[in-house]
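Everything below concerns the one structure shown next.
Since every read-out is calculated from the coordinates, none of them should be taken as a lab result. Nothing here was measured: the structure is a model prediction, and the numbers come from that model. Every residue, glycine as well, gets a Cβ built from its backbone with ideal geometry; the counts of neighbours run over all protein chains shown.
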């Protein structure tokens, strides 16, 4: 059956996720409202600017509905900014300068706290430090050699015991999993490799959600 | 050094990648840290660090250059969202300075006084991606050929008048539709007419879009202006003077972000458009002398 996968469409790399999903035979839906989530078998929080997306989530009152979606056991994937939003906490690499007595602390986006990890934002630097590189050897076999594109990327730190590492790059964890929730600090939607989307949708779905009992025959 | 094939920020894919992440957002012109904080707080997806907003450049005249390093660094230190800055057309040393400063995007902009009347910057060798303005498909593809990772309309900066941005959006998208209707062998002559690299024109013919994101800029003053650009096919918007030359910049900034997310929902646009106070004063384009039209700069 074709899976319907929502992509949160407040801002960011929505279209590229939709394209990757279509390539693996899933049906992509742009979603903005809690009622839209009911139509989704799985959901992606895309990359973009985490502060901008978080403010959109405030306005659209999406925090609680997204938590409820995750608790329903349906697969949830956050990439880059989306991964920051899934984390227990987001921190900045460097504290922001104070302006008129307003420090940087308030500037952090709130997070959903769905994955027991700290996301350190812009940890590699600005755009001039962005890069792409293959995942380290030792990633799960289905993702061997996956090319990871890091754009103003966060770094995952202080992983909790329930969080498993599916891939590393240069020794750092870059793809995490906690039950049906996956978080990537890179952009699997950039480039032509749909393996990660397929794996997330197939594997996470089958483990988190047993197939429904067959409908009774008339 | 590792032996693995690591690509640096000079790769066009990484530059376009950041442009992709800015889609659906509002990039706001700011001239100091207070304005930058206000923009970030309102939900801006990036800020453009400037010495003066276009409306003031227009009013005060003189040579407009890259912002001072103090202005740019002050803004970089106080926000976590991407910081862009403008270099003069063809001024590759201003671009080198911005690259060394680690800005997230360089706008090779007609809003500043051009430094070269024949050549734009060769944008390939930089780590920072570039955005350039255009009025039509040929100009867009020339800039992409030079290495631009994002294209925006030129609009008429600092005018508060959306008519030029609309003209440029319609022109680029109309030009694309015409190219799509051509036969393959007709693309060579069309490339010559447009003054565009033929490989890029072939991409447009096959894909029906530019190879990089296409944003709107120049003259956006209201949430309805932003939504108009989005409905005409822009993928994000730049707002220059429209915020800080209006009566209530914080409310207007939030409203522009709101309208850009919900560009196709009239009910949301209605909400975004209420209670904003006065928009910036506008200028009728016909009253501008040819020499005062910033959109005519570049080629």
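Go through the stretch A:58-90 and report how many residues are within 12 Å of chain B (Cβ to nearest Cβ) and not in a loop (DSSP other than H, G, I, E, B).
Looking only at that region, the number is 8.
Given (1) buried (at least 20 other Cβ atoms within 10 Å of the Cβ); (2) within 30 Å of residue B:254 (Cβ to Cβ); (3) facing chain B (nearest Cβ under 10 Å), where does residue A:93 come up short, assuming only one miss?
(1)
Could you please let me know if residue B:180 is surrounded by fewer than 19 Cβ atoms within 10 Å (Cβ to Cβ), within 24 Å of residue B:20 (Cα to Cα) and within 18 Å of the chain's Cα centre (by Cα)?
Here the answer is no, as residue B:180 does not meet what is asked.
Which residue is farthest from the other protein chains (Cβ to nearest Cβ), if the candidates are limited to the stretch A:118-145 and must be closer than 18 Å to residue A:51 by Cα and assigned to a strand (DSSP E or B)?
Among residues in the stretch A:118-145 that are closer than 18 Å to residue A:51 by Cα and assigned to a strand (DSSP E or B), the one farthest from the other protein chains (Cβ to nearest Cβ) is A:118.
Against the conditions (1) crowded, with 24+ Cβ neighbours inside 10 Å; (2) under 19 Å from residue B:260 (Cβ atoms), where does residue A:30 fall short? Just the number, please.
Unmet condition: (1).
Residues checked against (1) under 21 Å from residue B:131 (Cα atoms); (2) free of Cβ contacts under 8 Å to residues at least 12 places away in the same chain; (3) within 22 Å of the chain's Cα centre (by Cα):
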residue	(1), (2), (3)
B:239	yes, no, yes
B:257	yes, no, yes
B:267	no, yes, no
B:271	no, no, no
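Taking helices (runs of 4 or more DSSP H) that fall entirely within the stretch B:227-289, which contain at least 3 residues that are over 16 Å from residue B:156 (Cα atoms) and away from every other protein chain (no Cβ under 14 Å)?
The qualifying helices (runs of 4 or more DSSP H) are B:266-273.
Is it the case that the stretch B:74-91 has a residue that's under 24 Å from residue B:159 (Cβ atoms) and within 13 Å of chain A (Cβ to nearest Cβ)?
Yes; the residues of the stretch B:74-91 include at least one that is under 24 Å from residue B:159 (Cβ atoms) and within 13 Å of chain A (Cβ to nearest Cβ).
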